[in-house]
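What follows is one structure encoded as structure tokens, with my remarks underneath.
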Amino acid sequence: MAELALAYSPPPCPALDAILAHDEHSLPCTDDQPMPDVRAQEGPLGYSRDAIRRHLRPLRDRVAVDSDLFVYYVGRDRRGQPVRASVAPDVFVVFGVPDREDRRSYVLWREPDADIRFVLEIASESTRTRDHTAKRDVYASLGVREYFLFDPPGSGRPAALMGLCLRDGTYRGIPPVELPDGRPGTPSAVTGLVAHIEDSRLRWFDPVAGVDLLTYDESMDRGEAAERERAAAERARAVTARTLEAEARARQRAEARVAELEARLRASDRT
């Protein structure tokens with residue numbers, strides 16, 4: 001049972017040897033099951049993964065940001081025997097490993113330096129109970145320092161956000177902080193960001209830059225706006241250059257005409 005597959009260090013035995021023989025390439029990287037409530041989850045999941053990854057990009061040689069990958073660990077069944085167990089966090093941050101584009105999964109008994117410090121779960125109707133109970137226990141047993149849970153709005157229920165920090169093996173609520181506009185936010189010491197809800201959407205605020213991290217569409221919109229401004233400035237410079245060139249030519253023609261008239265006057269004076 002997944003609810004009992006909590007991480008632990010069992011004594012050596014044939015069952016444990018069989019588990020430890022597997023690595024990233026011999027274990028499944030997907031369960032071939034569709035994500036539940038895709039529309040409600042894909043927005044905050046994709047935004048959080050990409051925004052946090054961009055934010056931590058300077059540390060990518062030793063910090064990875066991933067989503068929906070299996071994390072394999074040694075768990076135990078109801079009889080206390082070791083079993084291969086796994087969990088697939090929606091978004092998670094792993095210290096001690098590089099951010100690899102070709103990664104298939106995390107096999108913790110093969111990567112002792114992999115330190116999962118942050119997990120974000122996007123709850124759905126079908127996963128909400130497990131996100132609040134069994135997964136919370138699993139992440140605590142794995143030593144995940146921060147566990148954030150975002151509940152999208154639905155069925156008359158407003159969006160909700162919860163941030164937990166692991167202390168002495170137990171998750172405790174993270175005290176809220178006040179954002180510059182007065183709204184409450186939940187700080188993450190691991191990512192250096194503050195999570196908050198804006199118009200029922202999950203947002204991540206960068207307290208150093210003083211702005212929310214952008215979604216892909218917002219980045220594109222701002223990029224397109226900057227490109228339009230650049231193109232408009234280029235057009236304005238081109239018009240100005242053409243105007244100045246035309247004025248210079250007109251001035252040259254006027255000066256040439258004046259010189260011609262003066263020459264004619266001097267010639268008529270001599271006659």
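The values are calculated or read from the model by the stated rules, or taken from the named source; none is laboratory data. The shown structure was predicted, so the numbers you read here are calculated from the model rather than taken from an experiment. Neighbour counts run over all protein chains shown; Cβ positions are idealised from the backbone, glycine included. Calculation scope for accessible area: heavy atoms of the full protein, side chains included, ligands and nucleic acids excluded. Shrake-Rupley method; radii C 1.70, N 1.55, O 1.52, S 1.80 Å.
Show Asp102, Asp68, Asp206 ordered by accessible area, largest first, where the area counts protein heavy atoms only and the probe is 1.4 Å. Mind dumping the intermediate values first?
Working: Asp102 110, Asp68 65, Asp206 20 Å².
Solvent-accessible surface, decreasing: Asp102, Asp68, Asp206.
Extending 7 Å from Cα along the Cβ direction at Arg128 and again at Tyr8 yields two label points whose distance is 3.2 nm. Here the 3J(HN,Hα) profile of region 86-103, calculated from phi with Karplus coefficients 6.51, -1.76 and 1.60 at θ = phi - 60°, is 8, 9, 10, x, 5, 9, 8, 10, 10, 8, x, 9, x, 7, 9, 6, 9, 5 Hz, Gly and Pro shown as x.
Each label point was placed 7 Å from the Cα along the Cα-to-Cβ direction; for Ser141 and Cys29 their separation is 2.7 nm.
Mind checking the per residue accessible area of region 136-219 for me, 1.4 Å probe, whole number of Å²? Provide the component values of the computation, followed by the final result.
Numbers: 4120 Å² over 84 residues.
Accessible surface, normalised per residue, equals 49 Å².
Between Val208 and Arg167, the simple spin-label model (points 7 angstrom out along Cα→Cβ) gives 2.6 nm. Mean separation of Cα pairs under 8 Å and 6 or more residues apart, divided by the residue count, gives region 109-186 a relative contact order of 24 percent. Taking a point 7 Å out from the Cα of His22 in the direction of its Cβ, the residues of region 99-140 whose backbone N falls within less than 11 Å of it are 107-108. The calculated FRET efficiency for Arg76 paired with Arg100, based on their beta-carbon distance and R0 = 41 Å, is about 0.90. With R₀ set to 22 Å, the beta-carbon distance separating Arg57 from Ala189 gives a calculated FRET efficiency near 0.70.
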